[in-house]
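See below for the structure under consideration.
Just so you know, all these numbers are worked out from the coordinates, no wet-lab data involved. What you see is a predicted model, and the numbers here were worked out from it, not measured in a lab. No Cβ is skipped: glycine too gets one built from the backbone with ideal geometry, and neighbour counts run over all protein chains shown.
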Number of protein chains: 2
Amino acid sequence: MPGPAVILVSGGLDSATVLAMAASDGFECHAVSFRYGQRHELELDAATRVCRSLQAASHRVIDLDTAAFAGSSLTGSGEIPRGRSIEELGEGIPSTYVPARNLVFLSYALGIAEGIGSTDLFIGVNAVDYSGYPDCRPAFIESFSTMANLATRIGIETGAIRVHAPLQELGKGEIIQRGLELGVDYGLTVSCYAPGVDGAPCGECDSCILRARGFSEAGIEDPLTRRCS
Amino acid sequence: MPGPAVILVSGGLDSATVLAMAASDGFECHAVSFRYGQRHELELDAATRVCRSLQAASHRVIDLDTAAFAGSSLTGSGEIPRGRSIEELGEGIPSTYVPARNLVFLSYALGIAEGIGSTDLFIGVNAVDYSGYPDCRPAFIESFSTMANLATRIGIETGAIRVHAPLQELGKGEIIQRGLELGVDYGLTVSCYAPGVDGAPCGECDSCILRARGFSEAGIEDPLTRRCS
């Protein structure tokens with residue numbers, strides 16, 4: 001029977017869907033978000049709204065010292081790419097890559113899991129992310145699970161630690177369809193890397209482009225776009 | 001030829017020795033310490049002294065949010081074990097175990113390494129630690145290295161990321177002898193889990209007991225003890 005689980009929740013649509021999936025599988029969902037020098041805090045507000053809406057058992061926001069994360073346009077002053085085509089999005093590792101970010105996130109999540117007696121971690125990496133981010137690929141997720149069972153008391157005792165990445169094989173459109181079936185309100189989420197002062201998505205960054213394509217694939221209007229127009 | 005390396009430096013004698021070994025191997029040593037809700041900050045002061053003394057190229061102190069590290073007597077209010085025999089020290093996982101601590105440390109170190117173009121991490125885990133702490137064992141270190149080469153851009157491009165644990169096979173006495181050959185001043189380090197207000201070691205916690213045995217094995221007087229008597 002599913003017990004407690006630790007879910008990484010960013011405030012975006014992928015992790016909101018994962019939270020809904022873990023809850024639907026019967027896990028007691030303990031959400032974790034990180035403040036790591038993002039350019040804006042809107043996504044943490046979104047994470048809080050999403051956790052409340054999906055009735056997470058708890059929601060921790062962990063402060064990460066940003067000194068370690070030099071070298072990304074998401075946390076520094078570099079240019080965020082804009083207006084790229086879907087094909088260009090698939091090329092190479094983007095400048096928004098934050099070194100070892102998912103690794104640090106999962107490591108914290110594992111510490112929290114051990115503290116609450118959980119062996120289940122959930123993360124919203126998905127097929128769209130693979131080509132760009134090393135720490136979104138299935139090989140990394142699998143390797144982290146193996147390592148986690150060697151790193152912790154609960155892992156050594158049970159061998160049962162598992163990182164669930166239920167979006168792994170899904171495209172954006174499929175993710176959105178699945179989330180809607182589970183009652184996710186995507187109007188609570190944010191995706192834009194650089195929203196305006198009023199929180200409106202820019203519509204031009206990689207994240208906005210992928211989100212728009214996802215809703216288009218799903219044949220549904222984005223509640224965020226509807227709200228803004 | 002050795003390039004830049006990231007060294008975890010705690011202020012204790014093991015990591016001071018590792019820093020000296022990495023420097024002696026020709027690496028450009030970038031030291032990292034963590035403020036993670038330890039019971040005292042003396043060890044961070046010690047880390048700073050050690051890095052200065054051994055001429056580290058840089059020294060970062062990273063703040064870790066302690067919320068994730070519930071459940072250890074090192075960061076909480078639990079009793080620190082005192083007066084245990086050497087045999088008792090080898091039994092089970094001690095209450096000073098901090099869930100996933102070395103994993104979080106190494107994950108940060110990896111992020112820093114990637115930022116400075118380094119593929120070499122150094123950590124001071126050693127034979128004495130194995131029985132007690134899951135994340136000090138060679139199997140964990142090896143598994144982390146494998147995972148690190150999948151988690152990062154530099155790992156994917158080079159496959160060269162390696163976690164060095166040069167004390168892995170050494171007992172405390174051997175570590176001290178090696179460090180003295182390399183000019184480590186152990187009078188700058190601290191080991192005690194719960195020093196007095198004047199910084200004097202308690203002499204009764206697991207860490208003091210192991211340190212005392214190490215100097216005894218090395219046939220050398222501990223400069224800290226000499227200073228205090």
Given a Förster distance of 22 angstrom, what is the FRET efficiency for B:SER24 paired with B:ARG52, based on the Cβ-Cβ distance and rounded to 0.05? 0.80
Which of the GluC sites (Glu not before Pro) across the range A:122-229 are loop residues per DSSP, with 10 or fewer other Cβ within 10 Å? A:GLU169
Put a point 7 Å out from Cα along the line to Cβ at B:VAL197; what are the distances to that point in the other copies, in nm, shortest first? 5.3
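Sorting B:SER53, B:SER207 on the 10 Å Cβ count, fewest up front, what's the list? All intermediate terms of the calculation are to be shown ahead of the outcome.
Numbers: B:SER53 17, B:SER207 21.
With the fewest neighbours first, B:SER53, B:SER207 line up as B:SER53, B:SER207.
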Using the Kirkwood radius over Cα pairs, work out the Stokes-Einstein diffusion coefficient for the range B:127-229 at 25 °C and 0.890 mPa s, in µm²/s as a whole number. 155
Please arrange A:LEU210, B:LEU110 by counting, for each residue, the other beta carbons lying within 10 Å of its beta carbon, fewest first. A:LEU210, B:LEU110
Modelled label-to-label distance, A:MET1 and B:GLU41, 7 Å Cα→beta-carbon offset: nm? 4.8
Inter-centroid distance (Cα atoms) of the range B:147-174 relative to the range B:180-217, Å: 27
List the residues whose amide H sits under 5 Å from the amide H of B:ARG60, counting only those 5 or more places along or on another chain, with H placed 1.01 Å from N in the peptide plane. B:ALA31, B:VAL32, B:SER33
For A:TYR36, B:TYR186, what's the fewest-to-most ordering of other Cβ within 10 Å of each Cβ? A:TYR36, B:TYR186
So who's got an amide H within less than 5 Å of the one on B:ARG137, skipping anything under 5 residues away but keeping other chains? H placed 1.01 Å off N, in plane. none
Describe numerically, in nm with one decimal, the distance between label points set 7 Å from Cα along Cα→Cβ at A:CYS202 and at B:ALA200. 6.1
